Amino acid sequence: MSEEVSLPLRLARAVGTSPVSERVAAAQEFLYKPVLEWARKSPFHTGVLGHSIHPPLTDLTLGCWGSASILDLAGGPQSRHGATVLVGAGLAAAVPTAIAGASDWAGMTGDARRIGAVHALGTDVAVFANLGSLIARTRGRHGLGVALALAGNAVLAGSGFLGGHLALNRGTARRVPSAA
């Protein structure tokens, strides 16, 4: 009796075998080549935790942006400043998170590399949406800021699924980087 494969798993597999994903990976490798080389030598390419440092760092970014959206939706006008601070803190946390992720991705091959590239593209979109949100908020355009943050979080949900698939199903976070 064959086991039925869930829709999310079929989606992750489709991303991993897609020629479009390969083009995304090649474009990112071209665009980010200097960053990738630096990231692999950076302190964020470490196995000090016994696994990649990227997954725990994502919790900071996701936590800030998710909390900002909760304040936006449930906190009322008095929570606007707090939500703005959280969006900014999430952007600050996104920098080391991205460096750690890039250092992990630089060592991937095959379908994991393609899935990681689509994951990274989604997180790039989410970062730029939240950057736009921060700019809008600081210019008094709170409604636009909220909309951009919510859109960024929606993209991040899909991107995060792919990242979680890599870390948990493919075991990419368990690969402890070797000492340089």
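Summary table below
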{"item": "Candidate set: the range 21-37, residues that are loosely packed, with under 14 Cβ neighbours inside 10 Å and aliphatic (A, V, I, L, M); chosen: the one nearest to A100 (Cα to Cα)", "result": "L31"}
{"item": "Considering residues of the range 108-140 that are closer than 30 Å to S18 by Cα and of a type in the set (K, R) only, the residue surrounded by the fewest Cβ atoms within 10 Å (Cβ to Cβ)", "result": "R113"}
{"item": "Residue within the range 113-130 that is among the hydroxyl-bearing types (S, T, Y), modelled with pLDDT of 95 or more, over 14 Å from the mean Cα position of the chain (by Cα) and in a helix (DSSP H, G or I) present", "result": "no"}
{"item": "Members of the range 79-103 that are open to solvent by 70 Å² or more (accessible area, probe 1.4 Å) and over 24 Å from G140 (Cα atoms)", "result": "V95"}
{"item": "Residues of the range 121-175 satisfying the condition of being touching an Asp or Glu at 6+ places or on another chain (Cβ under 8 Å) and among the polar types (S, T, N, Q)", "result": "T172"}
{"item": "Number of the exception - G76 against (1) open to solvent by less than 30 Å² (accessible area, probe 1.4 Å); (2) on the phi > 0 side of the Ramachandran plot", "result": "(1)"}
{"item": "Options S18, S42: the member that is in contact (Cβ under 8 Å) with a residue 40 or more places away in the chain, closer than 16 Å to V95 by Cβ, over 17 Å from the mean Cα position of the chain (by Cα) and surrounded by 12 or more Cβ atoms within 10 Å (Cβ to Cβ)", "result": "S42"}
{"item": "So L62, is it within 19 Å of A120 (Cβ to Cβ) and open to solvent by 20 Å² or more (accessible area, probe 1.4 Å)", "result": "yes"}
{"item": "Subset of the range 46-68 that is of a type outside the set (A, V, I, L, M, F, W, C) and over 17 Å from the mean Cα position of the chain (by Cα) - its residue that is farthest from L131 (Cα to Cα)", "result": "G50"}
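The values are calculated or read from the model by the stated rules, or taken from the named source; none is laboratory data. Only a predicted model underlies this, so the values are computations on that prediction, with no experimental measurement involved. Using ideal geometry, Cβ is built from the backbone for each residue, glycine included, and neighbour counts are taken over all protein chains shown. These area figures cover heavy atoms from the full protein model, side chains too; ligands, DNA and RNA do not enter into them. Shrake-Rupley method; radii C 1.70, N 1.55, O 1.52, S 1.80 Å.
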